[in-house]
1. Select, from Glu161, Glu130, the only residue that is surrounded by 14 or more Cβ atoms within 10 Å (Cβ to Cβ), closer than 29 Å to Ala101 by Cβ and among the acidic types (Asp, Glu).
2. Within the range 81-110, work out how many residues are at pLDDT 90 or above and touching a Lys or Arg at 6+ places or on another chain (Cβ under 8 Å).
3. Being of a type outside the set (D, E, K, R) and more than 21 Å from Cys145 (Cβ to Cβ) is the requirement here; does Val62 meet it?
4. Can you run down the residue pairs with Cβ atoms below 9 Å, 6 or more apart or on separate chains, where the first is in the range 97-121 and within 22 Å of Pro83 (Cα to Cα) and the partner is among the small types (Gly, Ala, Ser)?
5. Give the range 56-73 a look and list any residue that's loosely packed, with under 13 Cβ neighbours inside 10 Å and either under 18 Å from the mean Cα position of the chain (by Cα) or of a type in the set (D, E, K, R) (or both), or say none.
6. When residues of the range 124-152 are filtered for being among the acidic types (Asp, Glu), assigned to a helix (DSSP H, G or I) and under 24 Å from Asp90 (Cβ atoms), how many remain?
7. Does the range 45-91 hold any residues that are in a loop (DSSP other than H, G, I, E, B) and among the hydroxyl-bearing types (Ser, Thr, Tyr), and which are they?
Amino acid sequence: MFDKIKDVWHTISHPSRYYSLGILIVAGFVAGIIFWGGFNTVLEATNTETFCISCHEMHNNVYQELKSTIHYTNRSGVRATCPDCHVPHDWTDKIARKMQASKEVWGKIFKTIDTREKFLAKRKELAQHEWDRLKANDSLECRNCHDFQYMDFTRQGKRAEQAHASGLASGEKTCIDCHKGIAHQLPDMTGVEGWH
């Protein structure tokens, strides 16, 4: 009996490399799960409208504009939130967008748009960044909800039917080319390419 206790004590006090490796693997696995869970929790917490409008720059400016659009309230009750239009749903695209958006934190820290006047002065530049981003990714965020495959062009107005059937369906244009200002007020559009 005393020999067994000695053997157990020896194993505990001088574990072999196999036990050490096993413990290291299990500890690494548990730490990975905790890290991944924490990472995804933070990612999803920062991907909500509540988070987006928690700073007064967004709440007092663009959020107030959104409230008067069809994306906020409509006959079907389907509502788009900030992340629906500004963050892709696919995980890899979402991570890429979150990394881009981390630059926007500098704007908050250095108060580049902390007043209505500053916001309005930078509005065209901010809008152009967003339009360029949407143009570059073929309006991916729009396509989270709007898909050509399921559009019935015949139920649209003549002008929309023509635009969708020709420019958009052919790949020559993307949603943002025609739908600037769909959820927010437009800045002064003087000099904006393709705007008439």
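The values are calculated or read from the model by the stated rules, or taken from the named source; none is laboratory data. Everything numeric here is computed off the predicted structure, so don't read it as measured data. FYI the Cβ positions are ideal-geometry reconstructions off the backbone, even for glycines, and counts take in every protein chain you see.
1. Values: Glu161 fails: closer than 29 Å to Ala101 by Cβ.
That would be Glu130, the only listed residue that is surrounded by 14 or more Cβ atoms within 10 Å (Cβ to Cβ), closer than 29 Å to Ala101 by Cβ and among the acidic types (Asp, Glu).
2. Residues meeting the conditions: 2.
3. On the way: of a type outside the set (D, E, K, R): yes; more than 21 Å from Cys145 (Cβ to Cβ): no.
Here the answer is no, as Val62 does not meet what is asked.
4. Ile113/Gly107; Ile113/Ala121; Asp114/Gly107
5. Within the range 56-73, His59, Lys67 meet the criteria.
6. Filtering the range 124-152 for residues among the acidic types (Asp, Glu) gives 125, 130, 132, 138, 141, 147, 152.
Okay, now just the ones that are also assigned to a helix (DSSP H, G or I), so 125, 130, 132.
Next, from what is left, pick out any that are under 24 Å from Asp90 (Cβ atoms): 130, 132.
Selection size over the range 124-152: 2.
7. Taking the range 45-91 and keeping what is in a loop (DSSP other than H, G, I, E, B), we get 46-48, 53-55, 61, 67-81, 87-90.
Those that are in a loop (DSSP other than H, G, I, E, B) and among the hydroxyl-bearing types (Ser, Thr, Tyr): Thr46, Thr48, Ser54, Ser68, Thr69, Tyr72, Thr73, Ser76, Thr81.
Here's the yes/no breakdown for (1) surrounded by 13 or more Cβ atoms within 10 Å (Cβ to Cβ); (2) charged (D, E, K, R); (3) under 23 Å from Gln128 (Cα atoms); (4) touching a residue at least 40 places away in the same chain (Cβ under 8 Å):
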{"residue": "Phe29", "(1), (2), (3), (4)": "no, no, no, no"}
{"residue": "Ile34", "(1), (2), (3), (4)": "no, no, no, no"}
{"residue": "Gly37", "(1), (2), (3), (4)": "no, no, no, no"}
{"residue": "Asn40", "(1), (2), (3), (4)": "no, no, no, no"}
{"residue": "Leu43", "(1), (2), (3), (4)": "yes, no, no, yes"}
{"residue": "Cys52", "(1), (2), (3), (4)": "yes, no, yes, no"}
{"residue": "Cys82", "(1), (2), (3), (4)": "yes, no, yes, no"}
